[in-house]
Each structure stands twice: as structure tokens, then as C-alpha cells.
């Protein structure tokens, strides 16, 4: 009787895995999109510097303007996105597929290479920008800057 009960339990757990129920232990590893590679901030983070887990090398790379090959997508009003989502990214309605891009603050000329992530919203609905990208643009985190968006 115990053998049948044990076998039933094993089959039930196996069935849960087939249905996608329970923890994902064998999920395929996927590489994060370029510009989004950075560790998550520590749960104790309590300042912009603590939430920004990008390295000096990543910030230097993101600040470099490409020589050629970009297309202007438009201008958007941006706000701070989720500060716990690491890396350089912008969620925007200006793109329909995730792609490499660059955002620029026309007031200062500062720019950041980012991963452009579609929101499914209209292009004029505004955008969210990662904390590291806003810091690179030297935009106060409580501002709603107008940013120019380019696809690389």
C-alpha cells in the first residue's frame, strides 16, 4: 500500500512539472539583452547609487555615441522605471520589438545606449527609463525629461 502511495505521489509531482506547476528548475538559460546585463540590487539598497549596480566599464560603454547606423525614432517624455530592474533600458511605445538603441537628453547632449523594450502602448504614451540610464544622462530622478530615441 505504501509503495502505491509513494508511486502516486511521484507521478503527481511529475505531472505538475509537465503542466508548468511548481518551481522551474530546468528552465532554459537565456542571455539577457545587451544593455541589461547587471546584477540586481541588494534588498537593502536605499539610494540611487546602491540601486545602480552597473560597473564603471558598463557606464563608459553606454555613454559612447555610435559613429553611424542609427535611426531617429522620435521624442518621448520619460520617467524613472523600476529601480530594481538593473542595466540600461527604456520601455517605450516607439518600438514594437526589443532592440538596441540610444537615448539622448537634448538639453545637455548626454546620451546612453539602452535596450529598447516595447510596451504595446501608443508612441505618445511616454516611456520608462532605467535608473542607471537616467543617472548617465544626469537627469534628476524626479524629473520628466523629454528624450530623443534612436534605434541602433
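The numbers here are math on the coordinates, done by the rules we state, and not lab data. If you're wondering where the values come from, they're calculated on a predicted model, not measured in any experiment. Cβ coordinates were reconstructed from backbone atoms using ideal geometry, including for glycine residues, and neighbour counts include every protein chain displayed.
Between residue 82 and residue 44, the FRET efficiency from the beta-carbon distance, with R0 = 25 Å, is close to 0.90. Take the range 75-119, drop everything but the C-alpha atoms, weight them equally and run the Debye formula without solvent; then report log10 I(q)/I(0) at 0.13, 0.17, 0.24 Å⁻¹ to two decimals. Debye output, listed in q order: -0.28, -0.48, -0.94. Just so you know, the Rg over Rh for the range 48-151 is 0.92, from Cα atoms, with Rh as the Kirkwood radius. Which FRET efficiency value, to the nearest 0.05, is calculated for residue 148 and residue 57 with the Förster distance at 30 angstrom and r the Cβ-Cβ distance? For residue 148 and residue 57, the calculated efficiency is 0.75.
Compared with the alpha-carbon gap, the fully stretched path from residue 68 to residue 125 is longer by 17.7 nm at 0.36 nm per residue.
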